[in-house]
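**Q** Below are the structure tokens for one structure; questions will follow.
The values are calculated or read from the model by the stated rules, or taken from the named source; none is laboratory data. Note that the coordinates shown come from a computational prediction; the quantities given were computed from them, not determined experimentally. FYI the Cβ positions are ideal-geometry reconstructions off the backbone, even for glycines, and counts take in every protein chain you see. Note: areas computed on protein heavy atoms with side chains; ligands, DNA, RNA excluded. Shrake-Rupley method; radii C 1.70, N 1.55, O 1.52, S 1.80 Å.
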Amino acid sequence: MSGEYDVLISGCGPVGAGLAIELGQRGIRVGVVERNLEPPRIPKGQNLTQRTMEHMQVWRVEDAMRAAKTIPSNVGLGGLTAYGSLMSGYHYDWFKRAAVRPYYSADNERLPQYETERVLRARLAALESVDVFYGWTTETIADDADGVSLVARKEDATREMRGQYLVGCDGSRSKIRRMAGIGEVLDDHDRLMALVVFRSPDFFKLIEGFRDKQFYNVLHPDNDGYWMFFGMVEWKQSFFFHAPVPADTDRENFDFAGLIRRAVGTEFDLELEYVGFWDLRISVAETYRRGRVFLAGDAAHSHPPYGGYGINTGFEDARNLGWKLAAVLQGWGGDGLLDSYDSERRPVFQSTAKDFIERFIVEDRAFVRGFDPQRDKAAFEKAWAERASAGANIGISTFAPHYEGSAIVDGPAGASPSAIGIHDLTARPGHHLPPLTAGNAPTTADHLSDGFTLLKSGGSGDGDSDLYAIAERLGMPLRIVELPHDAAADGYGHRLVLARPDGYVAWVGDGIDDAERLFALVRGQSLPAQ
């Protein structure tokens with residue numbers, strides 16, 4: 001058996017499925033290999049940010065995603081951090097994503113990853129340009145000057161597939177990464193972590209006072225800054241629990257129920273449903289591209305599930321890479337466009353790991369080593385109150401990934417892509433385009449297209465035909481949207497805003513002096529010497 005495609009994807013977890021949708025909606029022929037017949041029922045990747053739900057809008061699954069959630073809509077999506085145990089009395093709100101809601105066009109959401117995957121699989125089934133082969137495992141790959149070959153196996157059958165490009169979305173132990181000869185930079189914290197799923201109506205009764213919360217972190221001095229944390233899976237019934245355990249722990253030699261009760265701080269009945277293990281480590285591929293082979297999601301980067309960055313970072317990989325692959329395959333993307341995937345996305349993950357996840361561990365370790373309510377209650381409570389005053393927005397208000405300094409962004413020189421930023425309603429090159437509402441009109445996010453979108457206001461349509469003619473000559477899809485009155489100028493700070501297909505700002509200004517040069521730059525086309 002054999003097949004010819006534009007893009008091959010190994011792995012149809014959430015990132016592989018999202019990428020296949022991004023490409024399939026653009027008419028790109030995609031062949032996907034996925035070893036699991038059904039999504040594994042392990043409750044991970046639950047926190048979906050506002051930005052991720054913008055992706056779901058674009059992929060036309062937002063309503064289905066919200067309908068698939070396992071927790072009632074009137075339950076809050078927040079979290080808390082407690083000291084010692086969940087019931088110790090020392091706790092504060094943590095990670096309130098609602099603080100940044102005005103900067104996005106969608107509310108955040110929370111549901112188990114297997115439900116997310118189920119919704120994405122259903123969307124894939126509706127796309128005629130995408131073939132998904134469930135139950136098949138990638139065996140070998142080979143790339144050459146003309147394309148990439150992949151051989152997959154299902155029991156005794158083999159299938160050879162051919163594509164222009166291959167994307168490995170096959171997880172942190174990526175076979176694609178290894179076969180492509182791409183190394184990893186690894187920061188191993190040398191900690192074995194347990195993931196336990198348990199059923200306990202009694203636990204739900206204990207946390208009823210935290211009704212606006214769905215996840216709960218516990219800082220215990222014995223863990224030296226590493227978290228124990230709970231999350232709700234099914235309303236009133238089931239929960240997950242992560243915690244550090246001794247290196248020689250297995251399913252038979254450890255009292256997981258006892259550890260859960262100690263983390264909660266009281267006795268209660270519970271039934272264990274699942275026990276698994278993972279290594280607490282942070283890794284990033286040395287490059288996200290080698291020739292015609294790309295990496296996305298956990299195949300490109302992995303880290304502890306602190307703050308819910310993982311699945312959301314992977315979805316952003318899919319949006320970033322998807323439009324660029326499509327542009328090149330459709331003939332309007334320049335030579336540098338595919339290279340920009342690595343140069344934009346890899347620094348953002350490196351910053352996420354260093355400036356957020358590693359920082360959480362370092363700061364929490366310093367706190368539990370420096371303060372103890374048994375040793376000095378007054379000093380502990382003063383320091384705890386200081387943490388509480390900032391806790392709700394830690395990792396939220398300053399997490400604003402951007403691509404400043406990217407070769408395909410026309411903006412100030414000297415910057416570089418990073419996860420650290422500020423949320424701002426003005427339009428800034430390299431940053432996410434915030435939604436702008438003009439009266440009762442749709443937000444600007446509703447106007448974005450599969451190609452580039454020029455948002456303009458405060459002027460006539462003079463010059464639009466010239467811009468369309470230049471774009472058509474270059475083969476670049478362009479939509480020009482006239483906003484009411486001075487909406488762009490007043491809201492975004494500029495009369496003209498050029499938005500990329502992934503909803504990031506490529507350029508801002510009050511007039512275009514050289515459209516051909518601008519359009520060449522944002523498409524990744526080499527610029528002539530000036």
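**Q** Out of everything in the stretch 333-350 that is open to solvent by 10 Å² or more (accessible area, probe 1.4 Å) and of a type outside the set (Asp, Glu), what residue ends up being farthest from Val293 (Cα to Cα)? Can you show your working first?
**A** Step one: list which residues in the stretch 333-350 are open to solvent by 10 Å² or more (accessible area, probe 1.4 Å), which gives 333, 335-336, 339, 342-343, 346-347, 350.
Next, from what is left, pick out any that are of a type outside the set (Asp, Glu): 333, 336, 343, 346-347, 350.
Numbers: Gly333: 17, Gly336: 15, Ser343: 15, Arg346: 15, Pro347: 19, Gln350: 21 Å.
Only one residue tops the list, namely Gln350.
**Q** Could you check the stretch 23-79 and list, in sequence order, the residues that are β-branched (Val, Ile, Thr), open to solvent by less than 30 Å² (accessible area, probe 1.4 Å) and not in a strand (DSSP E or B)? Reasoning before the result, please.
**A** Applying the first criterion (β-branched (Val, Ile, Thr)) to the stretch 23-79 yields 28, 30, 32-33, 42, 49, 52, 58, 61, 70-71, 75.
From what is left, the residues that are open to solvent by less than 30 Å² (accessible area, probe 1.4 Å) are 28, 30, 32-33, 49, 52, 61, 71, 75.
Passing the criteria: Ile28, Thr49, Thr52, Val61, Ile71, Val75.
**Q** Next question, about the same structure. Just to be sure, is Ser416 of a type outside the set (Lys, Arg), open to solvent by 40 Å² or more (accessible area, probe 1.4 Å) and not in a loop (DSSP other than H, G, I, E, B)? Working first, answer last.
**A** On the way: of a type outside the set (Lys, Arg): yes; open to solvent by 40 Å² or more (accessible area, probe 1.4 Å): yes; not in a loop (DSSP other than H, G, I, E, B): no.
In short, no.
**Q** Identify the residue in the stretch 345-382 that is closer than 18 Å to His220 by Cβ and in contact with a His (Cβ under 9 Å, 6 or more places away or on another chain) and, among all such residues, is modelled with the highest pLDDT.
**A** In this case the residue turns out to be Val368.
**Q** Additional query: Out of the stretch 80-95, which residues are part of a strand (DSSP E or B) and of a type outside the set (Gly, Ala, Ser)?
**A** Looking only at the stretch 80-95, we keep the residues that are part of a strand (DSSP E or B), and these are 80-83, 91-94.
Across the stretch 80-95, the qualifying residues are Leu80, Thr81, Tyr83, His91, Tyr92, Asp93, Trp94.
**Q** Taking the stretch 101-111 as the region of interest, how many residues are open to solvent by less than 10 Å² (accessible area, probe 1.4 Å) and over 16 Å from Gln214 (Cβ atoms)?
**A** 1
**Q** Output the residue which, of all residues in the stretch 3-22 that are out of contact with any Gly (no Cβ under 8 Å at 6 or more places or on another chain) and not small (Gly, Ala, Ser), is surrounded by the fewest Cβ atoms within 10 Å (Cβ to Cβ).
**A** Restricting attention to the stretch 3-22, the residues satisfying the condition of being out of contact with any Gly (no Cβ under 8 Å at 6 or more places or on another chain) are 12, 17, 20-21.
Among the residues that remain, those that are also not small (Gly, Ala, Ser) are: 12, 21.
Details: Cys12: 28, Ile21: 25.
It comes out as Ile21.
**Q** Let me ask something additional. Taking the stated definitions as given, is Val328 β-branched (Val, Ile, Thr), without any contact (Cβ under 8 Å) to a residue 24 or more places away in the chain, farther than 30 Å from Leu80 by Cα and touching a Gly at 6+ places or on another chain (Cβ under 9 Å)? Break it down stepwise before answering.
**A** Numbers: β-branched (Val, Ile, Thr): yes; without any contact (Cβ under 8 Å) to a residue 24 or more places away in the chain: yes; farther than 30 Å from Leu80 by Cα: yes; touching a Gly at 6+ places or on another chain (Cβ under 9 Å): yes.
In short, yes.
**Q** (1) of a type outside the set (Asp, Glu); (2) closer than 17 Å to Phe315 by Cβ; (3) touching a helix residue (DSSP H, G or I) at 6+ places or on another chain (Cβ under 7 Å): which one isn't true of Tyr83, the others all being true?
**A** Every condition holds for Tyr83 apart from (2).
**Q** Just to be sure, is Tyr114 in contact with a Pro (Cβ under 6 Å, 6 or more places away or on another chain), open to solvent by less than 30 Å² (accessible area, probe 1.4 Å) and farther than 27 Å from Gly27 by Cβ? Reasoning before the result, please.
**A** Details: in contact with a Pro (Cβ under 6 Å, 6 or more places away or on another chain): yes; open to solvent by less than 30 Å² (accessible area, probe 1.4 Å): yes; farther than 27 Å from Gly27 by Cβ: yes.
Answer is yes for this residue.
**Q** Still on this structure: Return yes or no: is Asp248 open to solvent by 50 Å² or more (accessible area, probe 1.4 Å), charged (D, E, K, R), under 24 Å from Ala388 (Cα atoms) and touching a strand residue (DSSP E or B) at 6+ places or on another chain (Cβ under 9 Å)? Steps first, answer last, please.
**A** Numbers: open to solvent by 50 Å² or more (accessible area, probe 1.4 Å): yes; charged (D, E, K, R): yes; under 24 Å from Ala388 (Cα atoms): no; touching a strand residue (DSSP E or B) at 6+ places or on another chain (Cβ under 9 Å): yes.
Criteria not met by Asp248.
**Q** Sticking with this structure for a sec: Does the stretch 324-344 include one or more residues that are assigned to a helix (DSSP H, G or I), closer than 30 Å to Phe229 by Cβ and not hydroxyl-bearing (Ser, Thr, Tyr)? Working first, answer last.
**A** Of all residues in the stretch 324-344, those assigned to a helix (DSSP H, G or I) come to 324-329, 339-344.
Pick out the ones that are also closer than 30 Å to Phe229 by Cβ and you get none.
There is no residue in the stretch 324-344 that is assigned to a helix (DSSP H, G or I), closer than 30 Å to Phe229 by Cβ and not hydroxyl-bearing (Ser, Thr, Tyr).
**Q** Pull out all pairs, ordered by first then second residue, where Cβ-Cβ is under 8 Å, the residues are six or more apart or on different chains, the first lies in the stretch 476-493 and is part of a loop (DSSP other than H, G, I, E, B), and the second is among the charged types (D, E, K, R) and modelled with pLDDT of 95 or more.
**A** Hits for this filter: Met476/Arg523.
**Q** Given the conditions (1) open to solvent by 10 Å² or more (accessible area, probe 1.4 Å); (2) over 19 Å from Gly307 (Cβ atoms), report the number of the one that Val284 does not fulfil.
**A** Unmet condition: (2).
**Q** Further question: Answer with yes or no whether Leu272 is modelled with pLDDT of 95 or more, in contact with a strand residue (DSSP E or B) (Cβ under 7 Å, 6 or more places away or on another chain) and surrounded by fewer than 16 Cβ atoms within 10 Å (Cβ to Cβ).
**A** Values: modelled with pLDDT of 95 or more: yes; in contact with a strand residue (DSSP E or B) (Cβ under 7 Å, 6 or more places away or on another chain): yes; surrounded by fewer than 16 Cβ atoms within 10 Å (Cβ to Cβ): yes.
The answer is yes for Leu272.
**Q** Can you name every residue in the stretch 54-79 that is under 20 Å from the mean Cα position of the chain (by Cα), small (Gly, Ala, Ser) and within 13 Å of Thr116 (Cα to Cα)? Spell out how you get there, then give the answer.
**A** Step one: filter the stretch 54-79 for residues under 20 Å from the mean Cα position of the chain (by Cα), giving 54-66, 68-69, 77-79.
Checking which are small (Gly, Ala, Ser) leaves us with 64, 68, 78-79.
If the condition is that a residue be under 20 Å from the mean Cα position of the chain (by Cα), small (Gly, Ala, Ser) and within 13 Å of Thr116 (Cα to Cα), then Ala64, Ala68 are the ones that fit.
**Q** Do we find a residue being in a loop (DSSP other than H, G, I, E, B) and either closer than 30 Å to Glu267 by Cβ or hydrophobic (A, V, I, L, M, F, W, C) (or both) anywhere in the stretch 96-104? Don't jump to the end; show me each part of the working.
**A** First pass over the stretch 96-104, keeping only residues in a loop (DSSP other than H, G, I, E, B): 96, 104.
Filter once more, keeping what is either closer than 30 Å to Glu267 by Cβ or hydrophobic (A, V, I, L, M, F, W, C) (or both): none.
Among the residues of the stretch 96-104, not one is in a loop (DSSP other than H, G, I, E, B) and either closer than 30 Å to Glu267 by Cβ or hydrophobic (A, V, I, L, M, F, W, C) (or both), which makes the answer no.
**Q** Related question: If I filter the stretch 80-94 down to residues being of a type in the set (A, V, I, L, M) and open to solvent by less than 50 Å² (accessible area, probe 1.4 Å), which single residue comes out as nearest to the chain's Cα centre (by Cα)?
**A** As a first pass, look at the stretch 80-94 and keep what is of a type in the set (A, V, I, L, M): 80, 82, 86-87.
Among the residues that remain, those that are also open to solvent by less than 50 Å² (accessible area, probe 1.4 Å) are: 80, 82, 86.
Working: Leu80: 22, Ala82: 26, Leu86: 28 Å.
Step by step, filter the stretch 80-94, then rank; the result is Leu80.
**Q** Here's another thing I want to ask about it. Being open to solvent by less than 20 Å² (accessible area, probe 1.4 Å) and outside any helix (DSSP H, G or I) is true for just one of Phe254, Phe230. Which residue is that? Before you say what the answer is, go through the steps one by one.
**A** On the way: Phe254 fails: open to solvent by less than 20 Å² (accessible area, probe 1.4 Å).
After applying the criteria, what remains is Phe230.
**Q** Within the stretch 435-443, is even one residue open to solvent by 20 Å² or more (accessible area, probe 1.4 Å) and at pLDDT 90 or above? So that I can check it myself, show each step before the final result.
**A** Quick first cut of the stretch 435-443, residues open to solvent by 20 Å² or more (accessible area, probe 1.4 Å) only: 435-443.
Cutting the leftovers down to at pLDDT 90 or above gives us 435.
Within the stretch 435-443, one or more residues are open to solvent by 20 Å² or more (accessible area, probe 1.4 Å) and at pLDDT 90 or above.
**Q** Take the residues in the stretch 94-107 that are of a type outside the set (Lys, Arg) and in contact with a strand residue (DSSP E or B) (Cβ under 6 Å, 6 or more places away or on another chain); name whichever of them is farthest from His431 (Cα to Cα). Outline the logic, then answer.
**A** First, the residues of the stretch 94-107 that are of a type outside the set (Lys, Arg): 94-95, 98-100, 102-107.
When the remaining residues are screened for being in contact with a strand residue (DSSP E or B) (Cβ under 6 Å, 6 or more places away or on another chain), the result is 94-95.
Working: Trp94: 25, Phe95: 22 Å.
Here the residue is Trp94.
**Q** Just checking, which of Gly310, Gly370, Gly333, Gly291 is free of Cβ contacts under 8 Å to residues at least 40 places away in the same chain and of a type in the set (Gly, Ala, Ser)? Steps first, answer last, please.
**A** Values: Gly310 fails: free of Cβ contacts under 8 Å to residues at least 40 places away in the same chain; Gly333 fails: free of Cβ contacts under 8 Å to residues at least 40 places away in the same chain; Gly291 fails: free of Cβ contacts under 8 Å to residues at least 40 places away in the same chain.
Checking each option against the conditions leaves just Gly370.
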